[in-house]
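The values are calculated or read from the model by the stated rules, or taken from the named source; none is laboratory data. This one's a predicted model, so the numbers in the text were calculated from it and none came from an experiment. Heads up, the Cβs are rebuilt from the backbone with ideal geometry, glycines too, and the neighbour counts pull from every protein chain shown. Remember, those area values only see protein heavy atoms, side chains included, never the ligands or the DNA or RNA. Shrake-Rupley method; radii C 1.70, N 1.55, O 1.52, S 1.80 Å.
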Amino acid sequence: MEEVLATAQCPYCGVGCGLEIFKDKKGRVKIRGDKNHPATKGDLCLKPIPIPKVMNIGRVPSPLYRENKKDQFKEISWEEAVKIIALKLKENQPDENYFYISGQLTTEDSYLINKFVKGFVRTNNIDANSRLCMASAVMGYKFSFGSDGPPGSYEDIDDADAFIFAGSNAAWTHPVLFKRVLKRKKELPEAKIVVIDPVFTATAEKADVWVDIKPGTDTVLFNSVLYLLNKKGWIDFDFVKKHTENFYEALKEADKYPPEVASQICGIKESLIYRLAEIYAFSKKVISFWTMGFNQSTNGTMKNLSLINLHLATGRINDKGCPFSLTGQPNAMGGREVGYLVNGLPGYRDVRNEEDRRYMEEFWRIPEGSIKEKPGITIVEAVDKMICGDIKLLWIVCTNPAVTMPNLNKFWKALRNTFVIVQDAYLTDSIDYANLVLPATQWGEKEGVMTGSDRTITYNRPFSQPPSQCKHDWEIFCEVAKEMGWGEFFSYKNSREIFDEYKRTTRGRLCDISGWNYEDLPKKWGGKWLYKDKKFPTESGKARFNPAVYSPPADSTDYPYSIAFTTGRTKKQWHTMTRTGKALELLRDETEPFVLLNEDDALDLGIFDNDYINIKSVRGQIYVKAKIGKIKKGVAFAPFGYGKIYHFPTNILVSDAVDPVSKEPELKFSAVYIKAKKKRIYRLSDDVYRKVKETYPQVVNFLDEAVERGYSFMGIEGVAVSKDFLEELSVKMKDLFDVFINRPADWEKAQLLSEEIAQIYIKLKIQPHHQSKITDSFRKAFDKIFDLPDETNQAWEYTFDFLSHSIFEIVKKHYEKYTSGR
């Protein structure tokens, strides 16, 4: 007979699926969907099913310690571990300590750690891995609505007729939510699904429209849609006037990007911008979903604002739509509610607000001034502080930054220079850099609550006994607090006592759960619509338009670092594979890392499917298997979760430049160099050569004119060709044609001319990827000047491209010689 052991929220993505854990008739512990859970109604994906089989593989065996990272770990007692931590904290100044925690912790864990750090250690140097995924979305909500928190809920899917997925492969990363969208599509076939992504993802396969955008340019796209909505008179001015402010400030910025401009920047067809404008204007109800493809950018906050601006401009809130940020972790929402980032305090409070600080100081019974007014430094910014010694201690809790942080070579250097505590259930990559390792319990072994993407809070009941050496995360901090002399403030006996304290901090706040108990859960705070009456927590009570200012990615794709490299997840693995990587059924077809390349790029580079290739950025290089697939030309994609056991973590390559507002790093755009594996052979057919040779006397008098016009028309952004250079290029290129046609054996002269033209290209900073533009411009100029058959014009175009290839090979070698030192 079956026995239900517990109900809980799935410990993986932010959808927050309700799970039922049970023993089958043979006594085996299994997992299925909880049909009574209000958010997901019994649905689930593959990832949580094997958890009971893998929970105890690779656990931390006991507290481990080494003062010197070159030494081997030795097992120590919990009492010794607590004393070591307390001594370090007492020796250091408050801001010489740093705490890096996780959206996988329970709300109780995060609340207590935040209290410990901000209220008692008296530093705001606490951040979470949400900095790497959700910080830009948080800022977008705060600037637009006055507070964090998604304004809609999953029920909105069930009567919507348009779904926009921007930078989200929800079919893999939030599969249960995407299945709900597909169910709606089946009920209403005319409903539209739009996917905005440079990769033709599993989500794009199900879409009606795929917008194959150039990475990093989403702000331009959505500004252009706003421009069109206004130009066509499709703005909901009734909503704008009653419920928003600053519309014309946002419109002024959007007016810079009419579709003919935006399409060039975004690398897409103009028609796609018009199609999006129609969807936002005429659909009954539009839900815009977005995740890391949007957020992980130096322009991430602006991307969020540009999209939310469209919802405000068309009144698409509540019954007409929702701008819906999907969280990547099971309790990133709960962490945000307790304020676990560098500026936060419980109940969506902020350290920069004096009233908020005073409230929490009184609530925690600590002296006024204990909580610092200035936010701490974010985790990416803290890396430099660790390297220079300003931060002496880093306490990592329930996350694996040795794989997930950007610019890993630099981060590993910082870890080697810092006293590192790793508190985790598993032996992760980060333990390689630890001085002290603390074995913690995990989901399924402890109780506590988590909040899913739609604000539904679920109580997680334990169903498995933890190994004897493990302690709860909150319990470890309580023991250290007692050793520090703060025992009376951390005398909790269980998680429920922490929850009961935390919930009181939410009274009267947007995320108010002050009257709730564990027994009331699962339950959604804020109701179906967070702003049901269209009153917003801003000074005016109105939502705000914000000018969404575009700035290009920090990395430039100048040759040789000319490929835009982006990252993401695979279908069955999650984060750094600490649990999912131990399940054979989830590893099937995902046993090793890879990089996805565009077919034309691969052809140019002489790379075939399953070749192993080197990829290099200015930060480092990796060696990985290539896969050829449907992805925008000039873009490469790789999953980030494969750790050091696979030799080359992806984030070795990745940029650590950050958004100036959210401080979220640009994990989705890094310029990389992929060296050609096999040189592509360029040759002309005898027929092409014959056509060019026969018509040469007809074109010789104006060939230099055609070349000069071609260069002047080429329209390469950022390249200005002066009159002197134009004349020089036209003369030399005409001479090169002459040598090729009339003196084909004179390779020495041809090589000299090619090198001279290449040097001009280098001076003008013309890049190898400009070759096609230059050839296209020549063809257009040639067509205008000469009245020849199309096949003859095409022969001249092929010849120009053939000669250009030799020139650009020289240009490439010039740039490539600098890569070895970078």
Legend entry - helices (runs of 4 or more DSSP H) enclosed by the range 333-407 - at least 1 residues per element that are small (Gly, Ala, Ser): 379-388, 401-404
Inset, instruction - Any residue in the range 478-491 that's more than 17 Å from Gln423 (Cβ to Cβ) and open to solvent by less than 50 Å² (accessible area, probe 1.4 Å): show its pairings with residues that are in a loop (DSSP other than H, G, I, E, B) and at pLDDT 95 or above at Cβ separation under 9 Å, as long as the two are six or more apart or on different chains. - result: Phe489/Arg365; Phe489/Ile366
Legend entry - the range 598-617, subset surrounded by 17 or more Cβ atoms within 10 Å (Cβ to Cβ) and farther than 11 Å from Lys677 by Cβ, residue modelled with the lowest pLDDT: Asp601
Legend entry - Options Lys269, Lys284, Lys252, Lys242: the member that is out of contact with any Phe, Trp or Tyr (no Cβ under 7 Å at 6 or more places or on another chain) and without any contact (Cβ under 8 Å) to a residue 12 or more places away in the chain: Lys269
Legend entry - Complete set of residues in the range 663-674 that are over 22 Å from Ile196 (Cα atoms) and either out of contact with any helix residue (DSSP H, G or I) (no Cβ under 9 Å at 6 or more places or on another chain) or hydroxyl-bearing (Ser, Thr, Tyr) (or both): Val672, Tyr673
Inset, instruction - Report whether or not Lys734 is open to solvent by 10 Å² or more (accessible area, probe 1.4 Å), at pLDDT 85 or above and on the phi > 0 side of the Ramachandran plot. - result: no
Inset, instruction - State whether one or more residues within the range 295-316 are over 22 Å from the mean Cα position of the chain (by Cα) and open to solvent by 20 Å² or more (accessible area, probe 1.4 Å). - result: no
Legend entry - Among (1) under 25 Å from the mean Cα position of the chain (by Cα); (2) open to solvent by less than 10 Å² (accessible area, probe 1.4 Å) - the single one Leu393 does not satisfy: (1)
Inset, instruction - At least 1 residues that are open to solvent by 20 Å² or more (accessible area, probe 1.4 Å) and aliphatic (A, V, I, L, M) in each: list the helices (runs of 4 or more DSSP H) lying fully within the range 89-206 that qualify. - result: 135-145, 170-173, 175-187, 202-205
Inset, instruction - Kindly indicate whether Met292 is open to solvent by 10 Å² or more (accessible area, probe 1.4 Å), under 30 Å from Asn353 (Cβ atoms), among the aliphatic types (A, V, I, L, M) and out of contact with any Asp or Glu (no Cβ under 6 Å at 6 or more places or on another chain). - result: yes
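Yes or no, residue by residue, for (1) buried (at least 24 other Cβ atoms within 10 Å of the Cβ); (2) under 19 Å from Tyr502 (Cβ atoms); (3) out of contact with any Asp or Glu (no Cβ under 6 Å at 6 or more places or on another chain):
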| position | (1), (2), (3) |
| --- | --- |
| Asn318 | no, no, yes |
| Pro330 | yes, yes, yes |
| Gly344 | yes, yes, yes |
| Glu362 | no, yes, yes |
Inset, instruction - Go through the range 542-574 and give me each residue that's open to solvent by 40 Å² or more (accessible area, probe 1.4 Å) and either in contact with a helix residue (DSSP H, G or I) (Cβ under 7 Å, 6 or more places away or on another chain) or not in a loop (DSSP other than H, G, I, E, B) (or both). - result: Lys542, Arg544, Pro547, Val549, Tyr550, Arg569, Lys571
Legend entry - In the range 22-55, the residues that are open to solvent by less than 40 Å² (accessible area, probe 1.4 Å) and touching an Asp or Glu at 6+ places or on another chain (Cβ under 9 Å): Phe22, Asp24, Ile31, Gly33, Asp34, His37, Ala39, Thr40, Gly42, Leu44, Pro50, Met55
